[in-house]
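The values are calculated or read from the model by the stated rules, or taken from the named source; none is laboratory data. Computed from a predicted model, the values in this text were never measured in an experiment. Glycine gets a Cβ as well: all are built from the backbone with ideal geometry, and neighbour counts include every protein chain shown.
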Amino acid sequence: MTRIDETRPFLPVNIAVLTVSDTRTLDTDTSGATLAARIVAAGHVVAERAIEKDESVLIAARLRAWIAAPGIDVVITTGGTGITGRDVTPEAFDQVLEKTIEGFGELFRMLSYAKIGTSTMQSRAIGGVAGGTYLFALPGSTGAVKDAWDDILVWQLDNRHRPCNLVELMPRLQEHLKAAG
């Protein structure tokens, strides 16, 4: 199922990590730290790391800044994907995404179901593309971050993954802009 073609050279990806929380700091952010450690262990670069309050306007502004940054290929957020009143990360994503990757949320919830059962329905994990940058919103639990990275993203962000991966599509993410110009 997941196959790495060792004949291809590994291409590191620049990834920004955003934790969405009203209470966490960089010192207490276990899910962001776990994600950052896994990114580095996989050979990628943590280009930036930050924390934003659960305010959709602040989250969307941070996403737009990172989408515009030439040194960031992927943004992964953790937190704010639940269903409580303060969970607004998917709404912030809706403000910036050009395209959604429906399969990401579906696959995350399918994999999560095997571990937490029907509680997975409370997750609004989402993926998409904007400005040639991939964006993924993960739940805030350390377990969910591990599941999303270890079971999905580590593979799709490895250009050697076969039969296909997201990295090899990066040069084509803005084709619609060239066609319009």
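With the condition kept exactly as written, say whether any residue in region 127-145 is on the phi < 0 side of the Ramachandran plot, assigned to a helix (DSSP H, G or I) and buried (at least 17 other Cβ atoms within 10 Å of the Cβ). Yes - at least one qualifying residue is present in region 127-145. With respect to the conditions (1) within 23 Å of D147 (Cβ to Cβ); (2) of a type in the set (A, V, I, L, M, F, W, C); (3) crowded, with 18+ Cβ neighbours inside 10 Å, V45 lacks only one, and its number is (3).
Selection of first residues in region 126-152 that are under 23 Å from R64 (Cα atoms) and touching a residue at least 12 places away in the same chain (Cβ under 8 Å) and of second residues that are polar (S, T, N, Q) and in a strand (DSSP E or B), restricted to Cβ pairs under 6 Å at least 6 apart or on distinct chains, gives the following pairs, ordered by first then second residue: G128/T100; A137/T77; L138/T78; G140/T78; V145/T78. Filtered by the rule that a residue be without any contact (Cβ under 8 Å) to a residue 60 or more places away in the chain, part of a loop (DSSP other than H, G, I, E, B) and closer than 17 Å to L157 by Cα, region 40-59 gives a lone residue, G43. Here R109 passes the criteria (1) within 20 Å of T2 (Cα to Cα); (2) not in a helix (DSSP H, G or I) except the one numbered (2).
So in region 20-39, with the set limited to residues that are free of Cβ contacts under 8 Å to residues at least 12 places away in the same chain and part of a loop (DSSP other than H, G, I, E, B), which one is surrounded by the most Cβ atoms within 10 Å (Cβ to Cβ)?
Filtering region 20-39 for residues free of Cβ contacts under 8 Å to residues at least 12 places away in the same chain gives 23, 27-28, 33, 37.
Next, only the ones that are part of a loop (DSSP other than H, G, I, E, B) stay: 23, 27-28.
Values: T23: 10, D27: 7, T28: 12.
Applying the filter and picking the extreme gives T28.
When I72, I83, I67 are checked against the criterion of being in a loop (DSSP other than H, G, I, E, B) and closer than 22 Å to I152 by Cα, a single residue qualifies: I72.
Residues in region 1-11 that are assigned to a loop (DSSP other than H, G, I, E, B) and more than 15 Å from W149 (Cβ to Cβ) were compared, and the one that is farthest from the chain's Cα centre (by Cα) is T7. On the given criteria, is L153 more than 17 Å from S31 (Cβ to Cβ), outside any strand (DSSP E or B) and aliphatic (A, V, I, L, M)? Taking the combined requirement at face value, the residue does not satisfy it. If the condition is being surrounded by fewer than 20 Cβ atoms within 10 Å (Cβ to Cβ) and in contact (Cβ under 8 Å) with a residue 60 or more places away in the chain, then region 80-97 contributes only R86. Is it the case that R62 is of a type in the set (D, E, K, R), in a helix (DSSP H, G or I) and modelled with pLDDT of 95 or more? So R62 passes the test.
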